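Have a look at the structure below, then the notes.
The values are calculated or read from the model by the stated rules, or taken from the named source; none is laboratory data. Note that the structure is predicted; figures quoted are calculated from it, not measured. Ideal geometry is used to build each Cβ from the backbone, glycine not excepted, and the neighbour counts take in all protein chains shown. These accessible areas exclude ligands, DNA and RNA; they are computed on the full protein's heavy atoms, side chains included. Shrake-Rupley method; radii C 1.70, N 1.55, O 1.52, S 1.80 Å.
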Amino acid sequence: MTLEHTIIRLSDNPEGFTDKVDDLTADMFESAVPIQHSYDYVAEHDLGLYIGVWDTTDMIETAAPYGMDEFMLLIEGAAVIKDNNTNTSETILAGESFIIPKGYDCQWQQTGYLRKFYVIADKACTKKVSLAPSKDGIVRFPATTVLGNSIYYKSADQQFISGAFKGNIADSPIASSVQRRFIYLKSGFVTLMDSNLTEYHFKAGDVFLLTGRQTFWRASEEISHHYVELS
């Protein structure tokens, strides 16, 4: 998929989201096969990069090491992730951001409907990368964002970097030239301008994708956001 815009606003319920049901097989689950939908804003198969919205009904996935690095922002519902080595579980609630590292031996156990934003780096599509996880478990973002740039996760190849920022936009990853940046704006407001001089206005709660470099036209004195940088 070729990106036609350098600034893309991501809707949590894009048009056509539920038109096509995902193709699933029984071996993927220890439960009955659920109903799931995926909507890719970005699907670069050659690079193994996917950004979009996903939902599911009740399900229990087959326990196995996670096959990709994935950042998730829960829109609706709650997710229970079981650590297969310790037999303990963590519950993630709507509004939370978290990462499941590639290689983490876990099992997703879902009760009730869930919808999320996802940012996936699946390097298996391009080259063989060790399944040894960069972290020992789920990476959960703190409820409160501290001042400055806090990096919470880096993939083994350093091409998937995620964290949280609080401060002036000039110091934010929004203003960087990294090829792709997923942004979840938690507080403040931002107006960005693309190369065609089109303005995009974002407020707290908005989610957007940046490719290349943009010009920030104006912003609140302080902003905070979660982000993923993909290179």
Inset, instruction - Starting from segment 212-226, keep only residues that are basic (Lys, Arg), then list their pairs with residues that are open to solvent by 30 Å² or more (accessible area, probe 1.4 Å) and in a loop (DSSP other than H, G, I, E, B) whose Cβ atoms are within a distance under 7 Å, requiring at least 6 positions of separation or different chains. - result: 213/177
Legend entry - Residues that are over 20 Å from residue 82 (Cβ atoms) and either among the charged types (D, E, K, R) or open to solvent by 40 Å² or more (accessible area, probe 1.4 Å) (or both), drawn from segment 27-49: 35, 38, 39, 40, 44, 45, 46, 47
Legend entry - segment 181-206, subset of a type outside the set (A, V, I, L, M, F, W, C), in a loop (DSSP other than H, G, I, E, B) and under 19 Å from the mean Cα position of the chain (by Cα), residue farthest from residue 53 (Cα to Cα): 205
Legend entry - Subset of segment 117-134 (residues that are farther than 21 Å from residue 53 by Cα and either at pLDDT 95 or above or buried (at least 17 other Cβ atoms within 10 Å of the Cβ) (or both)): 129, 133, 134
Inset, instruction - Would you please list the contacts, defined by Cβ atoms under 8 Å and residues six or more apart or on different chains, that run from a residue in segment 35-48 that is part of a loop (DSSP other than H, G, I, E, B) to a residue that is of a type in the set (A, V, I, L, M)? - result: 35/21; 48/68; 48/120; 48/121; 48/124
Legend entry - Evaluation of residue 96 against (1) in contact with a strand residue (DSSP E or B) (Cβ under 7 Å, 6 or more places away or on another chain); (2) farther than 23 Å from residue 227 by Cα (one fails), failing number: (2)
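Look through 139, 178 and report the one residue that is modelled with pLDDT under 85, closer than 29 Å to residue 48 by Cβ and either in contact with a Gly (Cβ under 6 Å, 6 or more places away or on another chain) or hydrophobic (A, V, I, L, M, F, W, C) (or both).
Values: 139 fails: modelled with pLDDT under 85.
Selected residue: 178, the only one of 139, 178 that is modelled with pLDDT under 85, closer than 29 Å to residue 48 by Cβ and either in contact with a Gly (Cβ under 6 Å, 6 or more places away or on another chain) or hydrophobic (A, V, I, L, M, F, W, C) (or both).
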